[in-house]
Amino acid sequence: MKNLLKLEELLMFGLALFLFSGLDYSWGWYVLLFFSPDLSMLGYLANPRLGSWTYNLIHHKGLSVALYVLGYLLAIPWLMFAGTVLFGHSSFDRVMGYGLKHEDNFQNTHLGRIGR
């Protein structure tokens, strides 16, 4: 089951790349900003509860889809760009085994424990 979920996430990562390819932005911007959603981990400097909240908000696919759709409906390309970066990053994270975080510990995710 875990491999099937990873395959699904890999296909969603491909979807993000496909959607991005339809935008008028350089691939260099996508690469440069790909890991920017991980800045949401800075909430962990305060405490695990705030860290999990900020991390989960930015890595929630609903937010990325909402940004993309809103950008599409309002013809705002940078919102569509942000949506594809967030969606692609979140999917890539899940392929790598990094899921949404529980409040107790960064290593405790909805996909299981990270690390040893």
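The values are calculated or read from the model by the stated rules, or taken from the named source; none is laboratory data. Remember, predicted model here, so these are calculated numbers, not experimental data. Reconstructed Cβ throughout: ideal geometry from the backbone, glycine too, with neighbour counts over all protein chains shown. SASA here: full protein model, heavy atoms, side chains in, ligands and nucleic acids out. Shrake-Rupley method; radii C 1.70, N 1.55, O 1.52, S 1.80 Å.
Once P(r) over Cα pairs in 5 Å bins from 0, in percent is worked out from the coordinates, which option in (i) 2, 13, 20, 23, 19, 13, 8, 3, 0, 0; (ii) 2, 13, 26, 27, 21, 9, 1, 0; (iii) 2, 10, 17, 19, 15, 12, 9, 7, 5, 3, 1, 0 does it equal?
Recomputing P(r) over Cα pairs in 5 Å bins from 0, in percent here gives the entry labelled (i).
Quick one: net charge of Glu8's neighbours, Cβ under 14 Å, K/R +1, D/E -1?
+2
On a 0 to 90 degree scale, rounded to 10, what angle separates helix 48-58 from the longest Cα axis of the chain?
The helix 48-58 is inclined about 20 degrees to the chain.
Could you give the angle, 0 to 90 degrees to the nearest 10, between helix 77-95's Cα long axis and the longest principal axis of the Cα atoms of the chain?
Once rounded, the angle reads 40 degrees.
Give me the 1.4 Å probe accessible area per residue for the chain, excluding ligands and nucleic acids, in Å². Please report the intermediate quantities before stating the final value.
Working: 7240 Å² over 116 residues.
Averaged over the residues of the chain, the accessible area is 62 Å².
For helix 2-21, report the angle its Cα long axis makes with the longest principal axis of the Cα atoms of the chain; keep it between 0 and 90° and round to the nearest 10°.
Approximately 30 degrees, to the nearest 10.
Beta carbons within 10 angstrom, averaged per residue: use that to sort the peptides 15-28, 74-87, 41-54, highest first.
With the highest mean Cβ count within 10 Å placed first, the list reads 74-87, 41-54, 15-28.
For Asp38 and Leu73, compute 0.36 nm times the residue count separating them, minus their Cα-Cα distance, and round to one decimal in nm.
9.9 nm
Mark the label point 7 Å from the Cα of Phe106 along Cα→Cβ and return the residues of segment 21-50 whose backbone N is within less than 20 Å of it.
The answer is 34-50.
Based on Cβ point charges of +1 for Lys and Arg and -1 for Asp and Glu, what charge dipole magnitude is obtained for segment 34-106 about its Cα centre, in debye rounded to the nearest 20?
100 debye
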